[in-house]
Amino acid sequence: MERNRIRSRARLISSTTASRIGVTRGLALALALLLPVGCVNALDKARIAWSDGEGDFDEAEELYRDAIDHEKYREEGTQELVEIYLQQAREQRDRPKVAESLYKKALKLDPNNEEALEGRARALIGRGMPDEAFALVEEGSKTKCRGCKRLLAVLLIDRADRYYHAQMWPQAEADYSRALAIIPNAAVALGVVRCRIARGATEEAAQALAPAADLIGVQDVDQRGQFLELRRIVVLAVLAADKPELADRLLDMAPAGVGAEEQLGLAIEVAYELKKLGKTEIALDRLETLVKHAEEGKLKVSAERVAELRERLAGLYIARSAQRLAKNEVPGADEDLARALELRPADPSLQLQRVLAIAGKGKLPDAEAALGKIDPSTGGYAQVWSILLTIRVHDMIASGRIDAAREQLERAKSKTLELPEVHIATADLLRHTEVNLRKKDAAALRSTGLVKYPGGKITRLGEALSELDWSKQSVSGLGAAYPYRAPGSEQKLEGLRTDIAKDYPFAVKFAEKAEATLVLKNNRDEPVTATVKCGSFDAEAKLAPSSSSRVQVSKPGFCELNLGGKAVTYVAEPYTEVEIPL
């Protein structure tokens, strides 16, 4: 009966399993099954109980552990039990908790088993325990576990992504860099670049672009696009740091497959950025080179792109011409206009700039005649017409024809009120325009006034400075590319401001409303009380040391002030915010 029972178990051995456990083990098991029970050793008992997966796992596991306790069967028994654990774990892969327990048992017997290390790590991930999985594969990667190294890279990338979204840039960069060292990958290399950009490490980000470019394949359009956008960010940051040479090197760096069309956009943007940074000569030189190469066919771009390049180059020359004209650099402005006309021969707006250049040579009648030949519907015509009128206003004021100047200024305002040149001319006129005052108020101002008006003539100096402040803000707002500037307008603005400030020593800002704002500032070490009386308006301000108080005068005019015990008089003017130190 016993012999029959053993034979029935022998039939449970499959050829596939026998192949897996090895010929020696298979023969040993077959022989063991043919022996009387009393002659079966501890390891054979375990094999019989297991029956290549057809037997009782719990019974077999216990018997294998008994066998392993014997030195004679330890090595072979350990190998077989580890294999059983791995087989069971594979079958339980959809139950990560069970699988992880089995892999753990295998590792206890064989700590360096590659399949067990990787399998347990994946099971831990499946259980939502990435940190534990990370620690396991990090340790395993120090051995010959190739799968552990691959899995470590995956876990590093996953953790780096989480760090990145949490804005923990240095930690994210460190993990991306470690993963990149294990498995060179374009997406990971771009991750390093992103981290360095995020933490403001511009030069380091520039260095990281090169390996990223090398890893991007010709067919990888998406990553190529990502690279170009990241390169753009780095290049602009490098330019902002005043490192155009590094920007040049980055412009030449691109993944395989990037064509001239894709490169051209950034090259143009760099030129414009250099212009913003005051490096106009370099910007023009770059665009001139691009236009030349495109026209000669050295730069393989479409005809539309060539036309765009010419247009942009002309735009830079036009902008510089306007700037030169504003500085009264008429010859240079003329040269720029001539080149712009070569690039845009049919552009009527350039003829308008030519009119301003003629005026800059002191030939106002010729400029007016040239303007008369241009279609009034041309964009910019009204601005140039008003600018010519403001030039005449300044000339009339200089020759003492104040009423005639006022008439010409009103004509200029009728076309384009919000023009810097119009406000500069207004300031010039205001400084020659007397304030309408009662005789006794005028007398008080001449004797106790905060402002010592030249020749005792009380004029609207504060409002004039307010107009100049508006003009300066307007010029800045229009930007360097604005094409229509009066010849010498910058010099005129600064010259007027300097002349008026000699007599009106207070800082003045433009105010939107026709009111006066007095900013009383206590520069003393002790508290001060100030009073302001302007007609029916009466206000008191108690100022602590190094503090200020704003007093709003809705009806500007003659005012009596007491500033810490000192009685003075003052004219509050509309559209002004004036800082008065105590």
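When N112 is tested against (1) under 30 Å from K149 (Cα atoms); (2) modelled with pLDDT under 80; (3) of a type outside the set (A, V, I, L, M, F, W, C); (4) not in a loop (DSSP other than H, G, I, E, B), just one condition goes unmet, and that condition is (4). Only one residue in R95, R127, R65 is at pLDDT 80 or above, farther than 28 Å from D158 by Cα and surrounded by fewer than 17 Cβ atoms within 10 Å (Cβ to Cβ). Which one? The match here is R65. Here A271 fulfils each of the conditions (1) at positive phi; (2) surrounded by 15 or more Cβ atoms within 10 Å (Cβ to Cβ) apart from (1). Scanning the range 553-582 for residues that are surrounded by 14 or more Cβ atoms within 10 Å (Cβ to Cβ) and polar (S, T, N, Q) turns up N562, T569, T576. The number of residues in the range 115-131 being more than 14 Å from R95 (Cβ to Cβ) and over 37 Å from the mean Cα position of the chain (by Cα) comes to 5.
If the condition is being at pLDDT 80 or above, surrounded by 19 or more Cβ atoms within 10 Å (Cβ to Cβ) and touching a Lys or Arg at 6+ places or on another chain (Cβ under 8 Å), then the range 245-268 contributes L250, A254, P255. Put simply, of E467, E418 the only residue that is closer than 16 Å to Y575 by Cβ, outside any helix (DSSP H, G or I) and not aromatic (F, W, Y) is E418.
For T529, are the conditions met, namely being touching a residue at least 60 places away in the same chain (Cβ under 8 Å) and in a strand (DSSP E or B)? Judged against the criteria, T529 is not a match. Residues in the range 364-379 that are part of a loop (DSSP other than H, G, I, E, B) and either in the same structural domain as A333 (by TED's automatic domain parsing) or surrounded by 17 or more Cβ atoms within 10 Å (Cβ to Cβ) (or both): I374 only. Hey, any hits in the range 178-197 for a residue that's in a helix (DSSP H, G or I) and among the polar types (S, T, N, Q)? Looking for residues that are in a helix (DSSP H, G or I) and among the polar types (S, T, N, Q), one finds none in the range 178-197, hence no.
Could you tell me whether any residue of the range 84-96 is in contact with a helix residue (DSSP H, G or I) (Cβ under 7 Å, 6 or more places away or on another chain) and over 23 Å from E54 (Cβ atoms)? Yes; the residues of the range 84-96 include at least one that is in contact with a helix residue (DSSP H, G or I) (Cβ under 7 Å, 6 or more places away or on another chain) and over 23 Å from E54 (Cβ atoms). For V508, the requirement of being of a type in the set (V, I, T), at pLDDT below 95 and surrounded by 14 or more Cβ atoms within 10 Å (Cβ to Cβ) is not met. On the given criteria, is E407 among the acidic types (D, E), assigned to a helix (DSSP H, G or I) and in contact (Cβ under 8 Å) with a residue 40 or more places away in the chain? Judged against the criteria, E407 is not a match.
The values are calculated or read from the model by the stated rules, or taken from the named source; none is laboratory data. Everything quoted here is computed from the prediction, not taken from an experiment. Please note: Cβ atoms are built from the backbone with ideal geometry, for glycine as well, and neighbour counts cover all protein chains shown.
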